[in-house]
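Notes to accompany the following structure.
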Amino acid sequence: MQLSKGAILEILNGATPNKPVFQIVSAKKMESASSAERYRILLSDSEHLYSHVMLTVQLNKLMTNNDITINSVVEVTKYMCNQVQGEKRILVLSDLNVLAKGNLKVGGRIGNPVQLNPAQLSAVAAGVPSSHSDQAAVKQTSTNQGGLNNNAFKANESRTTPSTPSRVHEIATLTPYQNRWRIRARVTMKSNIRNWSNSRGDGRLFNVNLLDSSGEIRLTGFNSEVDKYYSLLEVNKVYYISKCTLKTADKRYSTLNCDYEMTMTPETIIEPCNDDDVDLPMMTFDFVKISDLEKCKNGSSADVIGVVKVANDVGTVIGKQSQKEITKRDLQIVDQSGVAVKLTLWGDDAVNFNGQGYPVVAVKGAKVSDFGGRSLSVSGGSQMLINPDLKEAHILRGWFENEGRDQTFNMFQSDGSMGSGQSTNWKNFLQVKTENLGQGEKADYFTAKATIIFVRKENCMYQACPTADCNKKVVDQGNGLYRCEKCNREFPNYKWRMILSVNLADHTDNQWVTCFQESAESMLGIKADELGALRETDEVQFEKVINDAQFKQYVFRLRAKVETYNDENRLKTVCVGATPVDWKETGYRLIEQLSQMGI
DNA sequence: CCCCCCCC
């Protein structure tokens, strides 16, 4: 009996030969956490043996009835090749005819097949499965799909729940005009629960991304559906889903390649699919080495995996537009490329993160920013996996335990917040001008070692509202009370606030810089309240403090932004921090600069 | 029905 010699390699490389004939050299029941049994096959086409072969559960009866035995010859009428997690290609057999029962003894195995060498596989587009259905079978089973449906598995759907369509639809075929459908899909992203509040009302919501072999779609649940389905839906698991409403996706917010998106309703049915999950594509990653992040554009997304070398504590920042307090946590992740990068987590991701034991984090769709060279953020649309069961994660773990743990890394991002003490984005004042810092939409931050050459003592402090977080200037009512217009209150006291104008110089140029409270206090070496009292009581001492600050050097963290004032553009530079010069680190930086000049 | 995705 002839097998379809060479057909395994053809199929793995994307071809779809019709009704190939194979020999089942062996079969074994897989140990699986899920309840369903699955059979794994060692398949031969007389030239090659291939072991990443499965039967769909619908064909299990062929095994349990002994219709297939060792060395049976079969004609496969439906099959699909899935590329999962990088290189591995799984061939799933979903329908076949047994041509000959196996013979364990004489001439059992046909030909002299050898293990297929993975190097013979061509690079098939990741995550795009090739499928094949026997044409006759498609005709028998196609219904209202207009012949577009080429999914090898659609006809095999048998386990149904009452009142739902028995067939499984493909995500790509869903439209708002047809609501009798049911999909089977894998969750590839699950957001946190988010609260919203606007003029139309308020509530809670979450979204998941759903993937099948035809495409991907976003599904959103509100309020009662959050309670009903948030914990049921888990990343990487497969569900049967029906009775959601569809609407046109707003492309401004959608990164998925889908025209529609779905919303849960009280009628929505979501059921876990515990079996048959290998014939759906897995979450696919296209990991970018950390050192290659510099090739990624600001604002783009990238899949990244790394070991968490440093996990900072949770902190809060005030959103620039929203003015709301936001929780964040900065991590520093490293990989074999020898480069470290900052990864910022927000909200619940930040609060719940446990950095003990140098976990591996994989982020699908991390947002890339050019801050400090490059930095990363896990935001909406990103999915973070901690210690995922991925080949890349295990390799990283091994590397880290053996050598990475003690290695030193080049930093993409280090402004002191990572405890490294060194800063990036060093500029001298000439570079600030020639490189047009602060000319863009957003302010530019840079670090400069400079000398204070003049401190303007006039108007360097004012009497401010004593309320915490209100720094509004108060009006002296002359009756011992001070009025804050912002708080609409009068107080018997005030606090001193500083706005200090200083002229900074390095060997290239000078720059006027505004220093507020904390940075002014640190470069004058005195608290604002003390200085305010001095100004009232001891003019000479006050001037001495100002004069003593001159001709001292600091490392300044500066924010530059061009502002228009009286139709004139000027670079407004604000000091956001002044720290003493670390001379050892300065020396290393100079050596680095010399070596870049080839000296 | 959200659509913010942040900070240095």
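Counting only strands (runs of 3 or more DSSP E) that sit completely within region A:454-502, those holding 1 or more residues that are closer than 30 Å to A:Asn547 by Cα and in contact (Cβ under 8 Å) with a residue 60 or more places away in the chain correspond to A:461-464.
Could you list all residues from region A:233-278 that are surrounded by 18 or more Cβ atoms within 10 Å (Cβ to Cβ), charged (D, E, K, R) and either part of a strand (DSSP E or B) or under 24 Å from the mean Cα position of the chain (by Cα) (or both)? Within region A:233-278, just A:Glu261 meets the criteria.
Residue by residue, here is whether (1) surrounded by fewer than 16 Cβ atoms within 10 Å (Cβ to Cβ); (2) free of Cβ contacts under 8 Å to residues at least 24 places away in the same chain; (3) among the β-branched types (Val, Ile, Thr); (4) not assigned by TED's automatic domain parsing to the domain that holds A:Ala393 holds:
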residue: A:Phe285; (1), (2), (3), (4): no, no, no, yes
residue: A:Gly299; (1), (2), (3), (4): yes, no, no, no
residue: A:Ala311; (1), (2), (3), (4): no, no, no, no
residue: A:Thr316; (1), (2), (3), (4): yes, yes, yes, no
residue: A:Ser322; (1), (2), (3), (4): yes, yes, no, no
residue: A:Leu345; (1), (2), (3), (4): no, no, no, no
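Restricting region A:438-453 to residues that are assigned to a strand (DSSP E or B) and within 16 Å of DNA strand B (Cβ to nearest atom), which is farthest from A:Gly372 (Cα to Cα)? Step by step, filter region A:438-453, then rank; the result is A:Ala448.
So that you can scan it fast, the table gives a plain yes or no per residue for (1) assigned to a loop (DSSP other than H, G, I, E, B); (2) closer than 30 Å to A:Lys442 by Cβ; (3) within 16 Å of DNA strand B (Cβ to nearest atom); (4) not assigned by TED's automatic domain parsing to the domain that holds A:Met461:
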residue	(1), (2), (3), (4)
A:Trp512	no, yes, no, no
A:Ser519	no, yes, yes, no
A:Phe542	no, no, no, no
A:Val562	no, yes, no, no
A:Lys572	no, yes, yes, no
A:Thr586	no, yes, no, no
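When the test is whether a residue is at pLDDT below 95, of a type in the set (A, V, I, L, M, F, W, C) and farther than 15 Å from A:Thr265 by Cβ, A:Val208 does not pass it. Of the residues making up region A:522-554, just one is modelled with pLDDT under 90 and either surrounded by 19 or more Cβ atoms within 10 Å (Cβ to Cβ) or among the hydrophobic types (A, V, I, L, M, F, W, C) (or both), namely A:Met523. Cβ-Cβ contacts under 6 Å between residues 6 or more apart (or on different chains), taken from a first residue in region A:53-70 that is assigned to a helix (DSSP H, G or I) to a second residue that is small (Gly, Ala, Ser), are listed as A:Val57/A:Ala36.
Identify the single condition in (1) in the same structural domain as A:Ser213 (by TED's automatic domain parsing); (2) modelled with pLDDT of 90 or more that A:Asn257 does not satisfy, given that it satisfies every other one. The failed condition is (2). Given the criteria in the same structural domain as A:Met262 (by TED's automatic domain parsing) and away from DNA strand B (no atom under 16 Å from the Cβ), does A:Arg204 qualify? Against the criterion (in the same structural domain as A:Met262 (by TED's automatic domain parsing) and away from DNA strand B (no atom under 16 Å from the Cβ)), A:Arg204 does not qualify. Go through region A:349-389 and report how many residues are away from DNA strand B (no atom under 16 Å from the Cβ) and in contact with a Leu (Cβ under 9 Å, 6 or more places away or on another chain). Qualifying residue count for the region: 3. Selection of region A:217-228 for residues being crowded, with 19+ Cβ neighbours inside 10 Å and either in a strand (DSSP E or B) or not acidic (Asp, Glu) (or both) yields A:Ile217, A:Arg218, A:Leu219, A:Gly221.
A quick yes/no check of all residues on (1) aliphatic (A, V, I, L, M); (2) at pLDDT 90 or above:
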site	(1), (2)
A:Val310	yes, yes
A:Ser322	no, no
A:Glu325	no, no
A:Leu343	yes, yes
A:Gly357	no, yes
A:Val368	yes, yes
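The values are calculated or read from the model by the stated rules, or taken from the named source; none is laboratory data. On a predicted model such as this, the values are computed, not experimentally measured, just so you know. All Cβ positions, glycine included, derive from the backbone under ideal geometry; neighbour counts span all protein chains shown.
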